[in-house]
1. Could you grab me the full set of residues in the stretch B:42-60 that are over 28 Å from A:I124 (Cβ atoms), within 7 Å of another protein chain (Cβ to nearest Cβ) and outside any loop (DSSP other than H, G, I, E, B)?
2. Quick one: which residue in A:K93, A:K123 is assigned to a helix (DSSP H, G or I) and more than 16 Å from A:I44 (Cα to Cα)?
3. Which of (1) out of contact with any helix residue (DSSP H, G or I) (no Cβ under 9 Å at 6 or more places or on another chain); (2) assigned to a loop (DSSP other than H, G, I, E, B) is the odd one out, the single condition A:G68 does not satisfy?
4. Of the residues A:I41, A:I124, A:I26, which is more than 10 Å from chain B (Cβ to nearest Cβ) and either touching a Gly at 6+ places or on another chain (Cβ under 9 Å) or at pLDDT below 95 (or both)?
5. How about the stretch A:28-45: which of its residues are in a helix (DSSP H, G or I) and surrounded by fewer than 21 Cβ atoms within 10 Å (Cβ to Cβ)?
6. Of all residues in the stretch A:152-164, which are within 24 Å of A:T86 (Cα to Cα) and within 13 Å of chain B (Cβ to nearest Cβ)?
7. Which one is farthest from the chain's Cα centre (by Cα), of the residues in the stretch A:56-75 that are facing chain B (nearest Cβ under 9 Å) and in contact (Cβ under 8 Å) with a residue 12 or more places away in the chain?
8. Kindly provide the set of residues from the stretch A:127-151 that are within 12 Å of chain B (Cβ to nearest Cβ) and in a helix (DSSP H, G or I), ordered by number.
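The values are calculated or read from the model by the stated rules, or taken from the named source; none is laboratory data. All values derive from a computational prediction rather than experimental measurement. Here Cβ is always computed from backbone atoms with ideal geometry, including for glycine, and neighbour counts include all displayed protein chains.
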Amino acid sequence: MNAANTESQIKHHLIKKDYTSAFNLIVEEYKERLYWHIRKIVLIHDDADDVLQNTFIKAWRYIKDFKGDSKLYTWLFKIATNESITFLNKKKKKNEDSIEPYEIYLSNKLEADEYFNGDTAQKILQKAILKLPEKQRIIFNMKYFDEMKYTEISEILDTSIGALKASYHHAVKKIEEFVKEL
Amino acid sequence: MKKTFNISDNGFSIPENYFESISEDIQTKINEENLYRRFGKKIPFSVPLGYFNNISAETFTEKKPAIQLYHKLKPYLSIAAGIIIIFGIWQLLLTNIDPDTTKFSKLNTDTSKYLNTDSNNKLTLNDINMTDISNELDLYIDNTDELTLIEISNEEEVKNIEIDSEEIYNYLMDYADESEFNEIIAGL
């Protein structure tokens, strides 16, 4: 079954108010895509697992309110992105008393993470991405790794295409500079 | 010179400001290509074995009752917490800010056995016996001389007290006015 078919099937369940069947399909269809989207933002597997759970719990709680004006895919990615940002902000707040910034802490933790299996070059790239401001980092991941279209990113992040292009341009430039320094 | 197309020429249109940002877009693409050649696009993360197989809709819908119960109770919990805080502050004010009130209430407890209200709801004194007074004085009077005076306030003992004239004279000089003084002297 392709993604378009699944999406129309989910919408069909929603119209019939069969929320349980709709939610079963949502989880099966989107669990991996949402996980990787979240993982690229929070980096650590355990954290990504927590955020994925929060995302689906929220999706289940508000599934009755989903109007179908936007794509289901956009709606879910929006929830996942917001949950990831909320999670990172909480972690940063907890880390306020620490001398090292949360990004440095994450960078160090990444090296020790048993579920990080990249080579040295990929480690360098991830460390460079971590130096970007939060929103620029999310835009870079969505464009560079997921190859999403600016129109899709625009819907998920509620940002104009012009602003996204500018943000991505700066992100790529900064990463090039970071990796040159290393 | 920039060349633009419009719908009237050939039916095509372009996004707003397309040509204004094209040089920046190309530059971004070049930098992106450089990154790709050096790092690739492989995501360097993995997950525990069978992780995605263990994720099912039931995992999240089972949590529903607890979440819904919390959300239903949330406004009531806030109100209850507010009432408790206000009650706590009120109690704190009563006990700490007005210490006299506390003392007074203690006094009321002690003296309640002497006080009564009559049929018109007016406050009256109950019968007070000598033992009660003695007990109260034992509690509040420290001065030995005063206690001695009270202890000898028995009529027989008073008769046996010997007071010389000089003591009487000194007392009268200290406390009596002139008319009283003359009256007492005349009596002697």
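1. Pass one, the stretch B:42-60, residues over 28 Å from A:I124 (Cβ atoms): B:50, B:52-60.
Subsequent filtering for residues that are within 7 Å of another protein chain (Cβ to nearest Cβ) retains B:52, B:55-57, B:60.
Hits for the stretch B:42-60 are B:F52, B:A57, B:F60.
2. Numbers: A:K123 fails: more than 16 Å from A:I44 (Cα to Cα).
Sole residue among the options that is assigned to a helix (DSSP H, G or I) and more than 16 Å from A:I44 (Cα to Cα): A:K93.
3. (1)
4. Numbers: A:I124 fails: more than 10 Å from chain B (Cβ to nearest Cβ); A:I26 fails: more than 10 Å from chain B (Cβ to nearest Cβ).
The unique qualifying residue is A:I41.
5. The initial filter retains those residues of the stretch A:28-45 that are in a helix (DSSP H, G or I), namely A:28-42, A:45.
Matches in the stretch A:28-45: A:E28, A:E29, A:K31, A:E32, A:R33, A:W36, A:H45.
6. Start the filter on the stretch A:152-164 by keeping residues that are within 24 Å of A:T86 (Cα to Cα), which leaves A:152-161, A:163-164.
Of everything in the stretch A:152-164, those that are within 24 Å of A:T86 (Cα to Cα) and within 13 Å of chain B (Cβ to nearest Cβ) turn out to be A:S154, A:S160, A:I161, A:A163, A:L164.
7. Step one: filter the stretch A:56-75 for residues facing chain B (nearest Cβ under 9 Å), giving A:56-57, A:59-61.
Subset that is in contact (Cβ under 8 Å) with a residue 12 or more places away in the chain: A:56, A:59-60.
Working: A:F56: 13, A:A59: 15, A:W60: 18 Å.
The extreme case among them is A:W60.
8. First, pick out the residues of the stretch A:127-151 that are within 12 Å of chain B (Cβ to nearest Cβ): A:127-129, A:139-141, A:143-147, A:150-151.
Listed by number, the residues that qualify are A:K127, A:A128, A:I129, A:I139, A:F140, A:N141, A:K143, A:Y144, A:F145, A:Y150, A:T151.
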